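Here is the structure we will look at.
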Amino acid sequence: MNANADLILPAPAVLPLQPGVAQLAGRDQRFGQLANAAPIASFCKTFLDPVVVVAVFYLLAIPFEVAWNGYLLVWAALAFLLTSLLLDGSFLFVPGISRPLMGVGRFTAGWLCVVAALWLLGRFSGFNAYLYPPFMIAWVVAAPLTLLAVHLLFRTLLLNRRGDLVATRRAIVVGANPAGQALAQKIRDNPELKLEFLGYFDDRGLDRLDRVQEGELLGRLEHLAAYAKEHNVHQIYVSLPMTSQPRVLALLEDLKDSTSSIYFLPDFFVCDLIQARFDHVAGIPVVAVCESPFVGMSGIVKRVSDIVLALLILALIWPIMLGVAIAVKFTSAGPVLFKQRRYGADGQSILVYKFRSMTVMEDGDKVTQAKKNDQRLTPIGGFIRKTSLDELPQFINVLEGKMSIVGPRPHANAHNEMYRKLIPGYMIRHKVKPGITGWAQVNGYRGETDTIDKMQRRIEFDLDYLRNWSFWLDLKIVLQTATSMLRDKHAY
């Protein structure tokens, strides 16, 4: 592309507006809305909300005459950390949201998670004995109410009245294709953007354009530069396919005589996007089309939540693990643990632990999947596989950093080598750590995959998880796993 062209690459918030990420935005409509409020939401999540929670904790100590000591300081630090990790800072900062109660519901669930985590930590560390119960109950009630009031205040001052400070800008979309139409619709649906959509420029006539009304088509591309100058257009969004580079260059040349800002919406129909976003390398802008969701702060949230949940779960289930280990040892010959090589993050080989449920220890170039009424099962093998008790040692893998609690289930290396040749995109699932449970498993794709179609569906759910990951999706999967273990008919 011409180095002198007046091209301004779009900010990350533009990306969800493209139909090329329909698999992202279509399954989660909040994504595009949250992008508009991202700076405010990020500020609330990382700073404002934790500070408010700790401030309420400190102020309530005055009327309850609670003296500050080392225990309260540790508790306040934990509250600050868990609030920043578990609380959704955007619950009232989604522009144009049609169901504000949904945001409040997510906030309530997040706050309950914070309280539950604090109680469990206090219970197992002994901190709870040093805290005054009425004071703690008052804080649990007052802190979320204060947060709601603060968020409402911020929304009123920064969002609803933002129009008093920012003038409306006129916008044009070049290319009335699905990408351009999606962007135009987002502009119309979100008045907080302070953009006025004027119409499209396209070389095709109305008879060749779907869902474009008469009056929205302003003219052909050759007329755009004159129109932009005459009508004082502030922003021009170019939504032309990648195959139209000569037209794009000619258009940019025409627009050199205007003061309009130009944004380019790449045509991503050729890609199956995984965590698509804009980034830069030493100041050079790049577009990510296939990336792990666990980059930057998201990676920290994922790792911290894995460690905290794994420790809490191991503290609760160690008697069960001890009982299963004893049962495995005394019902069949062989070791208690079965270690098998699996693909970890980035395709690196890892050893995954399981309670042994079979009389064989397959870990070579050929591994036979467990089948219904499999003769290789030990006397308790079928039971511990059906109830997923054989997977419990994998919480140790989580603490080692080899696995996550939620992620694509690891397959034997032999199966990976076979399926990567048969299913396009199979290896993309290995951009993240494998999980003890996953999105595919809670959607019915657990156990034997005796046909390519079954494995294909499992991979589709795995990739869908990578596209749409959030802490809340992880929590949903964990809860669904806990409720479905005993009634899963696909595990044997």
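The values are calculated or read from the model by the stated rules, or taken from the named source; none is laboratory data. Worth saying up front: this structure is predicted, and the values here are computed from it rather than measured. Reconstructed Cβ throughout: ideal geometry from the backbone, glycine too, with neighbour counts over all protein chains shown. Just the protein is used for accessible areas: all its heavy atoms, side chains included, with ligands, DNA and RNA removed. Shrake-Rupley method; radii C 1.70, N 1.55, O 1.52, S 1.80 Å.
What the table shows:
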quantity: In Å², nearest 10: area of Lys476 left accessible to a 1.4 Å probe; calculated: 100 Å²
quantity: Nearest-10 value in Å² for the accessible area of Tyr132, using the 1.4 Å probe; calculated: 120 Å²
quantity: Accessible-area order (highest first, 1.4 angstrom probe) of the listed residues Phe135, Phe330, Phe471, Phe124; calculated: Phe330, Phe124, Phe471, Phe135
quantity: Label-point gap, in nm, between Val141 and Arg303 - each point 7 angstrom along Cα→Cβ; calculated: 4.0 nm
quantity: Over 23 Å between alpha carbons, listed pairs Lys386/Lys431; Lys186/Lys431; Lys431/Lys476; calculated: Lys386/Lys431; Lys186/Lys431
quantity: Which of Arg277, Arg170 is most accessible, then next, and so on - probe 1.4 Å; calculated: Arg170, Arg277
quantity: For Arg220, solvent-accessible area (1.4 Å; no DNA, RNA or ligand), Å²; calculated: 100 Å²
quantity: Label-point separation in nm, Ser484 to Arg106, each point 7 Å along Cα→Cβ; calculated: 2.2 nm
quantity: Charge sum, other residues only, whose C-beta stays under 13 Å from Ala171's C-beta, Lys/Arg counted +1 and Asp/Glu -1; calculated: +3
quantity: Length released on extending from Thr359 to Glu417, taking residue separation times 0.36 nm less the Cα-Cα span; calculated: 18.4 nm
quantity: Ranking by accessible area, most exposed first, for Met427, Met418 with a 1.4 Å probe; calculated: Met418, Met427
quantity: Solvent-accessible heavy-atom area per residue, rounded to whole Å², over region 206-267 at 1.4 Å; calculated: 57 Å²
quantity: Using distinct alpha-carbon pairs, which all enter the 1/r mean, Kirkwood radius of region 108-152 in Å; calculated: 11.4 Å
quantity: Difference of contour (0.36 nm per residue) and Cα-Cα distance, Leu314 to Gln213; calculated: 30.3 nm
quantity: FRET efficiency, 1/(1 + (r/R0)^6) with R0 25 Å, evaluated for Leu351 and Glu291 via beta carbons; calculated: 0.40
quantity: Cα gyration tensor shape for region 172-211, rounded if a/c is under 1.5, else prolate or oblate; calculated: prolate
